[in-house]
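The values are calculated or read from the model by the stated rules, or taken from the named source; none is laboratory data. Everything quoted here is computed from the prediction, not taken from an experiment. We place every Cβ from the backbone using ideal geometry, glycine too, and count neighbours over all the protein chains shown. Each accessible area value is taken on the protein alone, full model and side chains, heavy atoms only, with ligands, DNA and RNA left out. Shrake-Rupley method; radii C 1.70, N 1.55, O 1.52, S 1.80 Å.
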Amino acid sequence: MVRSGWGRTAWSGGGRAAGRTSEERTMVVAGVLAGAAALAMLTGGGAAPAGNADAGNAPAAGSAVAGSAPAGSAVVGNKDAGNAPAGGYWQRVHAQFSPPTAFLPSSAVTYDMKLVPAASRIEVEQTTAPSGTRVTARLAGLKPGHAFGMRVHTGPCGSTPGEAGPRYLRSTDGRKAGPDDEMRLDFTTDTGGAATVTARRGWNFRPGGARSVVIDGARGGTADPVACYTVLFAPTGPAA
């Protein structure tokens, strides 16, 4: 069983943390936690952020995380938790946003603190099976009532908005990309600055090809990036 909340973590049953940096620990599990285990990971103290999910299929209100995570922290579950799709992959990571000049750097960077204040929070969950990938993002502490764009990008975040590279596209053959060829997670925050959004696609990421989510100041992909969170998305089975 695994229990997790903003700012604390517990796991048992054979899972072991794999250190990336002194701030970020990640463990991968082959599947999705269900029932009480999943509920325990998503609660853990404080009021749960709600919000809309323009991409559809969002978790029910109250399923979002709450509390306070250390800057730059990232925690996921237990590889022995079971309930996995055959050949599947699951991870959940979270962090607090910090400006690029922060004394303690974070894997979540804000470039516009009016829209994404320092210490606002993000959690990203990925579930992948040979049939496709689902990504859910939960955010709290952003500007209330604002429409944001968000997409998976090809590079990790940096000190400037453009360092995350272009958006991730399913195809690399140069054809014109449509909405289903990218992992789009546009959202609008509620009156408390929170949102939950989920996107599902019938394809998998290429190995090493998807490495962050970038938040834009408006929907549609034409606004400047206002924040970025480094997430090393993983594939399972053949990438499409």
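In the range 204-232, what residues are in a loop (DSSP other than H, G, I, E, B), open to solvent by 10 Å² or more (accessible area, probe 1.4 Å) and either hydroxyl-bearing (Ser, Thr, Tyr) or on the phi < 0 side of the Ramachandran plot (or both)?
Within the range 204-232, the subset in a loop (DSSP other than H, G, I, E, B) is 204-211, 217-224, 231-232.
Now narrow it down to the ones that are open to solvent by 10 Å² or more (accessible area, probe 1.4 Å): 206-209, 211, 217-224, 232.
Those that are in a loop (DSSP other than H, G, I, E, B), open to solvent by 10 Å² or more (accessible area, probe 1.4 Å) and either hydroxyl-bearing (Ser, Thr, Tyr) or on the phi < 0 side of the Ramachandran plot (or both): 206, 207, 209, 211, 217, 218, 219, 222, 223, 224, 232.
Could you check how many residues of the range 94-119 are hydroxyl-bearing (Ser, Thr, Tyr) and surrounded by fewer than 23 Cβ atoms within 10 Å (Cβ to Cβ)? Lay out the reasoning, then the answer.
As a first pass, look at the range 94-119 and keep what is hydroxyl-bearing (Ser, Thr, Tyr): 98, 101, 106-107, 110-111.
Next, from what is left, pick out any that are surrounded by fewer than 23 Cβ atoms within 10 Å (Cβ to Cβ): 98, 101, 111.
Residues in the range 94-119 being hydroxyl-bearing (Ser, Thr, Tyr) and surrounded by fewer than 23 Cβ atoms within 10 Å (Cβ to Cβ): 3 in total.
I'm trying to understand the selection: among the residues of the range 178-198, which are in a loop (DSSP other than H, G, I, E, B), free of Cβ contacts under 8 Å to residues at least 60 places away in the same chain and open to solvent by less than 20 Å² (accessible area, probe 1.4 Å)?
Let us first name the residues in the range 178-198 that are in a loop (DSSP other than H, G, I, E, B), namely 178, 182-183, 185-186, 189-194.
Restricting the remaining residues to those that are free of Cβ contacts under 8 Å to residues at least 60 places away in the same chain gives 178, 182-183, 191.
Result: 182, 183.
Could you list, in sequence order, all residues of the range 157-177 that are out of contact with any strand residue (DSSP E or B) (no Cβ under 6 Å at 6 or more places or on another chain) and surrounded by fewer than 16 Cβ atoms within 10 Å (Cβ to Cβ)?
Keep residues of the range 157-177 that are out of contact with any strand residue (DSSP E or B) (no Cβ under 6 Å at 6 or more places or on another chain), which gives 158-160, 162-163, 166, 169-177.
Answer for the range 157-177, where residues must be out of contact with any strand residue (DSSP E or B) (no Cβ under 6 Å at 6 or more places or on another chain) and surrounded by fewer than 16 Cβ atoms within 10 Å (Cβ to Cβ): 158, 159, 160, 162, 166, 171, 172, 173, 174, 175, 176, 177.
With the condition being among the charged types (D, E, K, R), I'd like the strands (runs of 3 or more DSSP E) fully within the range 94-177 carrying at least 3 qualifying residues. Break it down stepwise before answering.
On the way: elements: 108-110, 121-129, 132-140, 147-153.
In the range 94-177, the matching strands (runs of 3 or more DSSP E) lie at 121-129.
Only residues that are open to solvent by less than 40 Å² (accessible area, probe 1.4 Å) and either at pLDDT below 85 or assigned to a loop (DSSP other than H, G, I, E, B) (or both): list them for the range 72-93, please.
72, 73, 74, 75, 76, 77, 78, 81, 82, 88
Report yes if residue 235 is over 24 Å from residue 121 (Cα atoms), assigned to a loop (DSSP other than H, G, I, E, B), open to solvent by 10 Å² or more (accessible area, probe 1.4 Å) and not charged (D, E, K, R), otherwise no.
On the way: over 24 Å from residue 121 (Cα atoms): yes; assigned to a loop (DSSP other than H, G, I, E, B): yes; open to solvent by 10 Å² or more (accessible area, probe 1.4 Å): yes; not charged (D, E, K, R): yes.
Yes.
If I ask for residues that are buried (at least 23 other Cβ atoms within 10 Å of the Cβ) and either over 13 Å from the mean Cα position of the chain (by Cα) or modelled with pLDDT under 95 (or both), which ones from the range 134-156 would you list?
142, 148
How do the pairs read when you match residues in the range 199-213 that are in contact (Cβ under 8 Å) with a residue 40 or more places away in the chain with residues anywhere that are part of a strand (DSSP E or B) and surrounded by fewer than 19 Cβ atoms within 10 Å (Cβ to Cβ), using Cβ under 7 Å and keeping only pairs 6 or more apart or on different chains?
Once the first residue is in contact (Cβ under 8 Å) with a residue 40 or more places away in the chain and sits in the range 199-213, its partners that are part of a strand (DSSP E or B) and surrounded by fewer than 19 Cβ atoms within 10 Å (Cβ to Cβ) give 200/132; 200/134; 201/132; 202/132; 203/132; 204/132.
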